[in-house]
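This report refers to the structure that appears directly beneath it.
What follows draws every value from the coordinates through simple rules; no lab data is involved. Keep in mind the model is a prediction, meaning the values are calculated, not measured. Cβ sites come from the backbone with ideal geometry, for glycine too, and all protein chains shown count toward neighbours.
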Amino acid sequence: MYTTIQFLHSYWAYLVFIVLVLATFNALIKFFGDKEFEAKDFRISLFTLIVSHIQLLLGIVLFFASDYLSVISDIGMGEVMKNSTLRSNIIEHPLTMIIAIALITIGYSKHKKKLTSKPKFKMLAVFYTIALVLVLAKIPWNTWF
């Protein structure tokens, strides 16, 4: 089960990354270009929200299917924090990605409450850009390529 979830989490991440980049640039370009908000823009932002939440669920399942909890109980949290690889895998990556997905969710929710195009794109652009920066910061690049 662990290898299947790890496979899904790893390859679904490519889709999340591509869609998040697309949604972010779409919002930025249309915000600065004073374009009208269309149904396509709504679908792009919604699809980004959906695929990122699926990735979050896969990550949560992967975290609990892994041996990370036993590693923490065996060596202690102090030793985990001293080891950069364990700290990144157990603390930094999950926490940063949860924050990024929370930002995507907040941006999506806030954009729906706006009535005109410019504020809609502004909400999406701000929150999705910050989420993209966080995702880029904590992607495990050494295992990704």
Output ³J(HN,Hα) for the range 5-18: one whole-Hz value per residue in order, computed from phi by the Karplus curve 6.51 cos²θ - 1.76 cosθ + 1.60 with θ = phi - 60°, and x for Gly and Pro.
5, 5, 4, 4, 5, 5, 7, 5, 4, 4, 5, 4, 4, 4
Residues of the range 52-76 with the amide nitrogen closer than 19 Å to a label point 7 Å from the Cα of N83, along Cα-to-Cβ, please.
62-76
In square nanometres and to one decimal, what's the mean projected area of the convex hull around the Cα atoms of the chain?
9.2
Once fully extended, how much extra length lies between F47 and N142, figured as 0.36 nm per residue of separation less the alpha-carbon to alpha-carbon distance?
31.5 nm
Give me the number: length gained by fully extending E36 to S10, i.e. 0.36 nm times residue separation minus the C-alpha to C-alpha distance, one decimal in nm.
5.8 nm
Residue-wise, which Karplus ³J(HN,Hα) couplings in Hz belong to the range 26-42, taking 6.51 cos²θ - 1.76 cosθ + 1.60, θ = phi - 60°, and x for glycine or proline?
4, 5, 5, 4, 6, 5, 6, x, 6, 8, 7, 6, 10, 4, 4, 5, 4
What nm value, rounded to one decimal, do you get for the distance between L115 and I54 when each label is placed 7 Å out toward the C-beta?
3.6
Please determine, in degrees from 0 to 90 and to the nearest 10, the orientation of helix 93-113 with respect to the longest principal axis defined by the Cα atoms of the chain, where the helix direction is its Cα long axis.
20
Contact order relative to length of the chain, as percent, for alpha carbon pairs under 8 angstrom and 6 or more apart
34
